[in-house]
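Notes follow once the structure below has been shown.
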Amino acid sequence: MKKEYDAIIIGGGSMGLTLGAYLQRAGMETAIFERRWEEGSAICTSECTAPGFLHNLHANFCEFMDWHPPYHDFKLEELGVRMIYPEAQAAIGFSDGRPPIVLYSVEKPENFKKTHESIAQYSKHDADTYVGLRKQILELQDVIAVNYYNPPQDTTGGRGDFFPMLGIPSDLITASCKAVIDYLYESSEFKTMMYRILQEFGPALEMEGLGAMIMGNFWISLNWRMMVGGTHTLAHGLEMAGVREGMDFYENCEVVKVLLDNGRASGIQLKDGTQIKARKLVASNADIKATMLDMVGEENLSETWVRRVKNYRIGYSNVLASTALALHEAPDYKSAKYNPDMNKAFYTIVGFDTPEEILQYIRDGVSGRMPGIAGAGTWVNSLWDPNYAPKGKHSLTGWFFAPKASDLTIEEWDEVKATYNDKFIQRFEKWAPNMTRDNVIADYFYTPLDQELEMRLMEGDFQNGSYMPNQTGHNRPFPEASQYRTEIEGLYLCGPYMHPGGGVSSGVGYNCFKVVAHDFGLEKFWENHPRGF
Ligand SMILES: Cc1cc2nc3c(=O)[nH]c(=O)nc-3n(C[C@H](O)[C@H](O)[C@H](O)COP(=O)(O)OP(=O)(O)OC[C@H]3O[C@@H](n4cnc5c(N)ncnc54)[C@H](O)[C@@H]3O)c2cc1C
């Protein structure tokens, strides 16, 4: 291990890996120190149910890949990163076997017709509205990306600007996302679908002040790609990209201290006492409380920063628990008799018939208990990629909205782990009669507490910090820190608690690189880049 670098990054999650690759390419000798035994953190793939069955327990939907800067700049395809873009992107079926709603990929223009027909079974108004909006977003999508892949300029991270362009009343920017959905759509079936998609991929549905956050969903929905061989291949590609540039990556290296020299970040100390010097900067991908309060230390911070960091809110809007099932057969939904694509949609909502059920489900989670209705968003990646299950078998993975890790005791989480999958399977059977216990070879349940302990996703919050009106855009994580710098000179932040938040986007890592490039006079290659960011 070298004892001195220009730049040191604490944590090798996707954002740390992104920052590392760009810094090394820009000429800074860079090393990443990761506490786990592998790169990528939540971009992981696990064989947690039975041998040969793969499950992406965390990120599964790779929706940013059209823009994802390192994917293009470092040619990750050369490093083995491959994607599949399933045609039927999202579907909801119903327990009484009513026709499903299936939404198709935006890749082919003719798919809009299929999406329209599917929604119009329940409401022509909703079909016109949704398809109209999605087409407008296609025109605007590269402009939306500019807001995403730049440091934040306003409290909505630029998202609010698009409401007038889309014909959505501006007052809804500061309403809740539920209010926006209720304004746009009328049918119970389509609202059920929209509520569920929104909650799972975005902010808390009913939280006032976050209406503009729905833009993220408009932008990325139906753009979902699947990584061949597991989402972890993306993390691996990102690490290889940095290493190919000359970056060093150290595993099993927990950082316990940021070293200071005259108030400036000058290096790190590992758990075993080893110290490594940083000639220019230290950046942290680890959670903000651990970075500032433990590694830097309260005694080295101003009273304002201590108060800001301590009051930063983590959980509850982005807390998910995952289920993983090794199956003999893929689910065969009752609703599939009207449209067989119901059985091969990439993201499938199961267990909800009405918008009220989704609301109750979310209110349970927010109130600190596992939802009484065990419904989920699910995917069966083995339908497209044989790497995910032994021949003829299938691997299903899914997410439940869940309370924060600290809402339940360890014993209560153990109880959930032991019982919730059964509850889910019993409900599943009402939507897909072949989903009996006999169809399940093995199962696994992954809690928010597991996520905190294994990945340091605190409270199981996949953004490592709630989306709240005072924690978005240039208020994220708090105004003094929103430009990726800290009050400690030479110390930067690059975790999902920064704008634009988490996701397999590389956004935070890329934006942090831009700020560092500015501070250290590195080439600003993006200023002349045809993609515009
Ligand atoms: C259940 C779930 C489902 C998700 N689904 C999707 C999805 O479908 N699509 C999508 O786009 N996104 C999804 N996400 C979100 C996405 O996975 C995360 O937002 C993203 O991976 C966060 O990456 P990161 O690099 O910012 O942070 P992290 O992944 O949190 O990386 C931080 C790294 O720092 C390391 N670290 C912490 N402390 C130390 C220390 N002291 N010393 C050294 N290293 C340290 C950690 O081990 C970790 O590797 C999901 C997340 C979850 C939890």
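When every residue of the stretch 47-59 is checked against the conditions, at least one turns out to be surrounded by 22 or more Cβ atoms within 10 Å (Cβ to Cβ) and closer than 27 Å to V146 by Cβ.
Only one of N475, N439 is touching a residue at least 60 places away in the same chain (Cβ under 8 Å) and closer than 30 Å to G11 by Cβ; which?
Details: N439 fails: closer than 30 Å to G11 by Cβ.
One residue alone meets the criteria, N475.
The sole residue among G507, G495, G465 that is within 16 Å of the ligand (Cβ to nearest atom), at pLDDT below 95 and out of contact with any Leu (no Cβ under 9 Å at 6 or more places or on another chain) is G465.
Residue by residue through the stretch 463-509, note down the ones that are of a type in the set (G, A, S) and part of a loop (DSSP other than H, G, I, E, B).
Start the filter on the stretch 463-509 by keeping residues that are of a type in the set (G, A, S), which leaves 465-466, 473, 481-482, 490, 495, 501-503, 505-507, 509.
Residues satisfying the conditions are G465, S466, S482, G490, G495, G501, G502, G503, S505, S506.
Can you find a residue in the stretch 230-241 that is in contact (Cβ under 8 Å) with a residue 24 or more places away in the chain and over 21 Å from I32 (Cα atoms)? Looking for residues that are in contact (Cβ under 8 Å) with a residue 24 or more places away in the chain and over 21 Å from I32 (Cα atoms), one finds at least one in the stretch 230-241, hence yes.
Exactly one residue out of S395, S406 is open to solvent by less than 10 Å² (accessible area, probe 1.4 Å) and either among the small types (G, A, S) or farther than 18 Å from I314 by Cβ (or both): that is S395. Only one of the listed residues (G40, G20) is within 14 Å of the ligand (Cβ to nearest atom), under 17 Å from the mean Cα position of the chain (by Cα) and either of a type in the set (A, V, I, L, M, F, W, C) or surrounded by 24 or more Cβ atoms within 10 Å (Cβ to Cβ) (or both). That residue is G40.
The number of residues in the stretch 228-242 that are among the hydrophobic types (A, V, I, L, M, F, W, C) and either surrounded by fewer than 23 Cβ atoms within 10 Å (Cβ to Cβ) or on the phi > 0 side of the Ramachandran plot (or both) comes to 2.
Taken over the stretch 27-37, the criterion of being near the ligand (Cβ under 6 Å from one of its atoms) and part of a strand (DSSP E or B) is satisfied by F33 alone. The single condition from (1) of a type outside the set (F, W, Y); (2) more than 10 Å from the ligand (Cβ to nearest atom); (3) touching a strand residue (DSSP E or B) at 6+ places or on another chain (Cβ under 9 Å); (4) not in a helix (DSSP H, G or I) that P530 fails is (3).
The values are calculated or read from the model by the stated rules, or taken from the named source; none is laboratory data. Everything numeric here is computed off the predicted structure, so don't read it as measured data. Backbone-built Cβ (ideal geometry, glycine too); neighbour counts: all protein chains shown. What goes into the accessible areas is simple: the full protein's heavy atoms, side chains included, and nothing from ligands, DNA or RNA. Shrake-Rupley method; radii C 1.70, N 1.55, O 1.52, S 1.80 Å.
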